[in-house]
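Undergrad: Mind having a look at this structure? Questions to follow.
The values are calculated or read from the model by the stated rules, or taken from the named source; none is laboratory data. On a predicted model such as this, the values are computed, not experimentally measured, just so you know. Please note: Cβ atoms are built from the backbone with ideal geometry, for glycine as well, and neighbour counts cover all protein chains shown.
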Amino acid sequence: MHWLMKSEPHEFSIDDLARRKREPWTGVRNYQARNHLRDDMQVDDEVLFYHSSCEEPAVAGLARIVRAAYPDPTQFERKSDYYDAGSRKDAPRWLAVDVGFVRRFAVPVTLARLKTIGAPLEGFRLLMRGNRLSVFPVSPDHFHHILALERTT
C-alpha cells in the first residue's frame, strides 16, 4: 500500500529523517489514523512524506514503513505532549510505526501545485475539504502521479 504521513517541518522534517535514517512515528492521536497504523500499514509500504502547517505545504520526499505497529511509548510518558492518562500498558490506546528514509524530493510537490492538477488527483484525500488526518492511504494511481509530478518539476 501507499500512504501520506504529515509532519510539521519545524518539529520533524524530511531532512531530519534523512539524518536519522529511521524514526518512530509517534504522537498519532486520532482513532482513524491509529486504525490505519494498526490494521493496514505493512513493512515496506511506501510513504509520501508531507510537510504541513508551514509556509509552503508540500510532499517533501519518500519514506518506507520499516517496523509494523507497536504501542506508542509517548502515551505513557507523563512529560510528553502525547501523554494519555487513560491508556494502560496492558491495553495501549495508541500505536506507532517506524519510518525509514528513502529520498528527499529535489523539488517538493507543493499543495498549491497539487490543487491545479484536476482529474488525475480526483478523490485524493489531501485535497478534500475538512481532511485533518495526519496518516491516510493513497491510491496507487495518485501515488504514481505525484511521483511523476516530482520528476517533471
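Undergrad: Can you pull out the residues in segment 81-105 that are exposed (fewer than 14 other Cβ atoms within 10 Å of the Cβ) and outside any loop (DSSP other than H, G, I, E, B)?
TA: Taking segment 81-105 as the starting set, the residues that turn out to be exposed (fewer than 14 other Cβ atoms within 10 Å of the Cβ) are 81, 83, 85-86, 88-91, 103.
Matches in segment 81-105: Arg88, Ala91, Arg103.
Undergrad: Kindly list, by first and then second residue, each pair from a residue in segment 94-115 that is touching a residue at least 12 places away in the same chain (Cβ under 8 Å) to a residue that is assigned to a helix (DSSP H, G or I) and surrounded by fewer than 17 Cβ atoms within 10 Å (Cβ to Cβ), limited to pairs with Cβ atoms under 8 Å and residues at least 6 apart or on different chains.
TA: What qualifies is Leu95/Arg38; Ala96/Pro73; Phe101/Ala18; Phe101/Arg20; Arg104/Asp15; Arg104/Ala18; Leu114/Leu127; Lys115/Leu127.
Undergrad: Taking into account only those residues within segment 42-72 that are among the charged types (D, E, K, R) and touching a residue at least 24 places away in the same chain (Cβ under 8 Å), which is surrounded by the fewest Cβ atoms within 10 Å (Cβ to Cβ)? Explain how you work it out, then say what you get.
TA: Restricting attention to segment 42-72, the residues satisfying the condition of being among the charged types (D, E, K, R) are 44-46, 55-56, 64, 67, 72.
So of that shortlist, the ones also touching a residue at least 24 places away in the same chain (Cβ under 8 Å) come out as 45-46, 56, 64, 67, 72.
Values: Asp45: 18, Glu46: 16, Glu56: 10, Arg64: 16, Arg67: 15, Asp72: 26.
Among those residues, the one meeting the criterion is Glu56.
Residues checked against (1) closer than 21 Å to Gly123 by Cβ; (2) assigned to a helix (DSSP H, G or I); (3) among the hydrophobic types (A, V, I, L, M, F, W, C); (4) at pLDDT 95 or above:
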{"position": "Leu17", "(1), (2), (3), (4)": "no, yes, yes, yes"}
{"position": "His36", "(1), (2), (3), (4)": "yes, yes, no, yes"}
{"position": "Ser53", "(1), (2), (3), (4)": "no, no, no, no"}
{"position": "Arg67", "(1), (2), (3), (4)": "no, no, no, yes"}
{"position": "Thr74", "(1), (2), (3), (4)": "no, yes, no, yes"}
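Undergrad: Follow-up. Report whether or not Ile146 is over 20 Å from Asn35 (Cα atoms), part of a loop (DSSP other than H, G, I, E, B) and in contact with a Leu (Cβ under 8 Å, 6 or more places away or on another chain). First the steps, then the outcome.
TA: On the way: over 20 Å from Asn35 (Cα atoms): yes; part of a loop (DSSP other than H, G, I, E, B): no; in contact with a Leu (Cβ under 8 Å, 6 or more places away or on another chain): yes.
No, not satisfied.
Undergrad: Name the residues in segment 132-147 that are modelled with pLDDT under 95 and exposed (fewer than 12 other Cβ atoms within 10 Å of the Cβ), would you?
TA: Matches in segment 132-147: Arg132 only.
Undergrad: On to the next question. Mind checking which residues of segment 117-131 are part of a loop (DSSP other than H, G, I, E, B) and either at pLDDT 95 or above or surrounded by 14 or more Cβ atoms within 10 Å (Cβ to Cβ) (or both)? If you could, list the steps in order and put the result at the bottom.
TA: So the first thing to find is which residues in segment 117-131 are part of a loop (DSSP other than H, G, I, E, B), and the list is 117-118, 122-124, 128-131.
Of everything in segment 117-131, those that are part of a loop (DSSP other than H, G, I, E, B) and either at pLDDT 95 or above or surrounded by 14 or more Cβ atoms within 10 Å (Cβ to Cβ) (or both) turn out to be Ile117, Phe124.
Undergrad: Any residue in segment 28-41 that is over 17 Å from Tyr83 (Cβ atoms) sitting within a Cβ distance under 7 Å of a residue that is in a loop (DSSP other than H, G, I, E, B) and among the aliphatic types (A, V, I, L, M)? List the pairs, counting only those 6 or more apart or interchain.
TA: Gln32/Leu133; Ala33/Leu133; Leu37/Val28; Asp40/Met1
Undergrad: Filter segment 10-22 down to residues that are of a type outside the set (A, V, I, L, M), within 15 Å of His51 (Cβ to Cβ) and more than 12 Å from the chain's Cα centre (by Cα) and give me whichever is surrounded by the fewest Cβ atoms within 10 Å (Cβ to Cβ). Let's see the steps before the verdict.
TA: Initial filter on segment 10-22 (of a type outside the set (A, V, I, L, M)): 10-13, 15-16, 19-22.
Those still in the list that are within 15 Å of His51 (Cβ to Cβ) too: 10-13, 15-16.
Imposing the further condition that a residue be more than 12 Å from the chain's Cα centre (by Cα) reduces the set to 10-11, 15-16.
Working: His10: 9, Glu11: 11, Asp15: 13, Asp16: 13.
Looking at residues that are of a type outside the set (A, V, I, L, M), within 15 Å of His51 (Cβ to Cβ) and more than 12 Å from the chain's Cα centre (by Cα), I get His10.
Undergrad: Still on this structure, I have one more. What about Val28, is it β-branched (Val, Ile, Thr) and part of a loop (DSSP other than H, G, I, E, B)? Spell out the reasoning first.
TA: Numbers: β-branched (Val, Ile, Thr): yes; part of a loop (DSSP other than H, G, I, E, B): yes.
When the stated conditions are applied, Val28 passes them.
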